[in-house]
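Note sheet for the following structure.
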Amino acid sequence: MKDIILHVLIFLVLLLGTAQLQAQQPQKAWYCPPCNSACDSLVFKTAGKCPHCGMSLLQQTPEEHHKIMNEKKLTVAFYLQNGVEVLDFAGPMEVFSYAQFKIFTVSKTKDPIISQGILKIIPDYSIEDAPPADIIAFFGGNAGNASNDPKVIEWLKRQPTPDYYFSVCTGAFILGKADILNNLTVTTFHESIANLQKAVPTAKVLSNVRFVDNGKVITTAGISAGIDGALHLVAKIRGQEAARNVATYMEYDKWIPEQGLIIKK
């Protein structure tokens with residue numbers, strides 16, 4: 001009888017200790033990944049997808065979620081020239097936006113520019129008053145408008161060194177004119193490979209690759225390849241799960257992580 005009582009007491013002590021330990025540990029819940037929407041503040045009891053934005057929920061403690069919500073947002077400067085290709089910048093803009101990066105647009109002046117003769121865009125800043133950015137991005141579509149403009153190249157060269165340079169399509173020519181592509185392996189729009197090689201003789205310009213990551217400088221091929229490059233950069237900074245959530249939300253089913261060439265991480 002004493003043995004039975006002893007075992008019961010030991011069981012009760014262990015049970016009480018387990019309950020106290022669980023009470024001390026932070027309780028996890030399910031949260032929507034930050035997407036700049038009202039659902040960022042909602043709490044869910046089970047796994048699944050956010051009913052508001054469709055992104056896969058993440059299991060976190062309240063402290064972990066608070067830290068993610070309040071961490072510094074990386075800034076991305078989108079330089080847009082008159083005649084810029086809509087999809088060149090719109091695809092990456094969607095990616096970086098849903099990844100919680102802070103985006104602003106820059107052009108030579110604040111005058112409205114026209115994308116492909118259709119879409120009117122009013123830049124947030126001119127090269128005279130644009131703030132520094134963690135990422136500076138350039139895009140194709142009349143890219144010679146910027147690459148052949150000494151004032152634009154001078155502006156680029158005097159920028160505080162960003163964490164990353166990013167280009168889509170012939171936006172690479174702007175980076176090339178500023179000597180940022182010297183001695184690197186890069187890519188651009190498939191019909192402009194030879195021209196970029198001529199413009200930057202010390203670079204190795206590749207065809208048939210979606211993007212090339214040199215560590216600090218990421219160049220992509222044209223249009224849709226810009227989405228791949230942007231997702232790659234998000235994965236590089238925030239992790240592959242964050243990038244996959246963005247791709248899923250965008251219904252970008254064809255995304256294959258690291259489909260490009262990674263020279264240096």
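Values as computed for the structure displayed
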| quantity | calculated |
| --- | --- |
| Any hit, the range 156-170, residues being in a helix (DSSP H, G or I), under 23 Å from the mean Cα position of the chain (by Cα) and buried (at least 24 other Cβ atoms within 10 Å of the Cβ) | yes |
| Residue list for the range 12-32, filter: in contact with a helix residue (DSSP H, G or I) (Cβ under 7 Å, 6 or more places away or on another chain) and modelled with pLDDT under 75 | Pro26 |
| Residues that are under 12 Å from Val95 (Cβ atoms) and not in a helix (DSSP H, G or I), drawn from the range 211-234 | Thr220, Ser224 |
| Tally, over the range 185-203, of residues that are touching a Ser or Thr at 6+ places or on another chain (Cβ under 9 Å), farther than 15 Å from Gly260 by Cα and not in a helix (DSSP H, G or I) | 1 |
| Qualifying residues in the range 33-57 (those that are in contact with a helix residue (DSSP H, G or I) (Cβ under 6 Å, 6 or more places away or on another chain) and surrounded by 14 or more Cβ atoms within 10 Å (Cβ to Cβ)) - the one modelled with the lowest pLDDT | Cys35 |
| Entirely in the range 38-148, the helices (runs of 4 or more DSSP H) that have 1 or more residues that are more than 22 Å from Gln240 (Cα to Cα) and among the hydroxyl-bearing types (Ser, Thr, Tyr) | 144-147 |
| Matching entry among Ile237, Ile256 (being outside any loop (DSSP other than H, G, I, E, B), closer than 25 Å to Pro34 by Cα and either in the same structural domain as Gly91 (by TED's automatic domain parsing) or touching a residue at least 12 places away in the same chain (Cβ under 8 Å) (or both)) | Ile237 |
| Scan of the range 198-234 for residues that are of a type in the set (S, T, N, Q) and crowded, with 17+ Cβ neighbours inside 10 Å, ordered by number | Asn214, Thr219, Thr220 |
| Residue within the range 96-105 that is farther than 30 Å from Trp30 by Cβ, assigned by TED's automatic domain parsing to the domain that holds Asp213 and either modelled with pLDDT of 95 or more or within 21 Å of the chain's Cα centre (by Cα) (or both) present | yes |
| Counted residues, the range 185-220 - those being in contact with a strand residue (DSSP E or B) (Cβ under 6 Å, 6 or more places away or on another chain) and aromatic (Phe, Trp, Tyr) | 1 |
| Within the range 159-181, tally of residues that are polar (S, T, N, Q) and in contact with a Pro (Cβ under 9 Å, 6 or more places away or on another chain) | 1 |
| Which listed residue, of Asp179, Asp253, is loosely packed, with under 14 Cβ neighbours inside 10 Å, at pLDDT 95 or above and among the acidic types (Asp, Glu) | Asp179 |
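The values are calculated or read from the model by the stated rules, or taken from the named source; none is laboratory data. For clarity, every value in this text was computed on a predicted model and none was experimentally measured. Note that we place each Cβ from the backbone using ideal geometry, even for glycine, and neighbour counts take in every protein chain shown.
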